[in-house]
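We did not get these values from a lab; they are worked out from the coordinates using the rules stated. Keep in mind it's a predicted model, so treat the numbers as computed, not measured. Because the Cβ atoms are built from the backbone with ideal geometry, glycine has one as well, and the counts that use them run over all protein chains shown.
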Amino acid sequence: MTGASGAQYGLRLLEFLLQHGYRVFLLLSRPAQVVVNMETEHRLPGRAGDIQTYFTNLYGAPPGQLQVFEREQWAAPIASGSGVADATVVCPCTTGTLSAIACGSSRNLIERAADVCLKERKKLILVVRETPFSEIHLENMLKLARMGVIIMPANPGFYQRPTSVQELVDFMVARVLDHLGIPHQLLPRWGETPLE
C-alpha cells in the first residue's frame, strides 16, 4: 500500500485475502500509514512487526499467514527472484510509485518487489488513484501496460446500483480478485441479479 487516497481498497483486499486463507506479504509506505490513519478508523503502529500483529488479530488470521516487512528490509523473500510472490498488487498506488516502477528505481522494498515481479514475469497489478492524469502519468501507464502490467485506476462502476461506500470499495477489490484468478462473491457479475 502506498500513500494515495483510497486506503479502504487496500485494507479490504487484505481482509478478503486473509479471511480466505491466502498468504500475504504486506508492505506499507510511510505515507500509506498516514493515509490509513486519516481515512479510516484504524490507528496503525509505526513498526512492521506491530502492524503485522494488529492486522493478524483484526482479521483473525493464523500466525504466519501475514508477514509485514519494513520498507528497507532487503532480506525479505520478495526482494529476490528466488523468493518472488505469485502476484504483486500495489493498492492504492501513487503516481510517484507508478513512475518509480516504470523506471525500475527499486529505492525501497515496494519498488523492488514490483521490479522483481516484472523481471520474473509474474502478475503485477497497480490500482492507481489519482485524478486527473498528467501526460507523464499516462506515458508511465502505457509503458508498464506494454510490459504486461495491469493498470487498474480506482474507478468503481455503478451498474450494480451501490448504496454504500463499502459496495464501491468492493467493486474495485472484486476486479483485483478477478485479475488474480481468485473466486469471490463480492458483487454480482454483469447481467446477474444484484445480490440481496
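The chymotrypsin sites (Phe, Trp or Tyr not before Pro) of segment 1-100 that DSSP puts in a loop, and whose beta carbon has at most 14 other beta carbons within 10 Å, are W74. In the chain the Cα-Cα distances spread across 10 Å bins starting at 0 as 9, 36, 39, 15, 1 percent of all pairs. The Stokes-Einstein estimate for segment 124-196, based on a Kirkwood radius over Cα pairs and taken at 25 °C with 0.890 mPa s viscosity, is a diffusion coefficient of 179 µm²/s.
Are there GluC sites (Glu not before Pro) in segment 1-65 that DSSP puts in a loop and that have at most 10 other Cβ atoms within 10 Å, and which ones?
Answer in residue order: E41.
Here's the picture: charge each Lys and Arg Cβ at +1 and each Asp and Glu Cβ at -1 in the chain, and of H179, A114, G21 the one pushed furthest to the positive end of that dipole is A114.
With a cap of 12 neighbouring Cβ atoms within 10 Å, and only residues DSSP puts in a loop, list the trypsin sites (Lys or Arg not before Pro) found in segment 9-56. Hits after loop and neighbour filter: R43, R47.
A cut-off of 5 Å between modelled amide H atoms, ignoring neighbours fewer than 5 places along the same chain, links V89 with I125.
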